[in-house]
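Structure, as structure tokens:
The values are calculated or read from the model by the stated rules, or taken from the named source; none is laboratory data. Note that this is a predicted model, so its numbers are computed, not measured. In this analysis, Cβ positions are derived from the backbone assuming ideal geometry, glycine residues included, and neighbour counts consider all displayed protein chains. SASA here: full protein model, heavy atoms, side chains in, ligands and nucleic acids out. Shrake-Rupley method; radii C 1.70, N 1.55, O 1.52, S 1.80 Å.
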Amino acid sequence: ASGAGALAFPLSGTALANSELSLLAVEAEGYTFDHWERNGETLSTNKILNTTVTPLAEGETSCTYVAVFTEN
């Protein structure tokens, strides 16, 4: 998660390409959830991200899903 005091569940882990992934963003006090990103690209503004993990693009060695929060 990005933004001090922000949490996202599960905190870490791996998923295989084409598998289903569900993540929940939970705000810490003083923060508001803004959006989910995958490798810097915005995916969703819903706190619950349900997605199918896409295979890595050419040149990618990994992908990272990030919950982005803003300070109130």
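Six or more apart or on different chains, Cβ atoms under 7 Å: show the pairs whose first residue is in the stretch 43-72 and over 22 Å from Tyr31 (Cα atoms) and whose second is in a strand (DSSP E or B) and among the acidic types (Asp, Glu). Partner pairs satisfying both residue conditions: Thr52/Glu20.
Which one is nearest to Asn72 (Cα to Cα), of the residues in the stretch 32-60 that are modelled with pLDDT under 90, in a strand (DSSP E or B) and open to solvent by less than 50 Å² (accessible area, probe 1.4 Å)? Ranking the qualifying residues of the stretch 32-60, first place goes to Arg38. Once the stretch 1-31 is narrowed to residues that are hydrophobic (A, V, I, L, M, F, W, C), within 15 Å of Glu71 (Cβ to Cβ) and in a loop (DSSP other than H, G, I, E, B), the residue that is modelled with the highest pLDDT is Ala28. Within the stretch 61-72, the set of residues being open to solvent by 60 Å² or more (accessible area, probe 1.4 Å) and outside any strand (DSSP E or B) comprises Thr61, Ser62, Thr64, Asn72. One residue stands out in the stretch 8-31 among those that are under 13 Å from the mean Cα position of the chain (by Cα) and of a type in the set (Ser, Thr, Tyr): the one that is most open to solvent (accessible area, probe 1.4 Å), namely Thr14.
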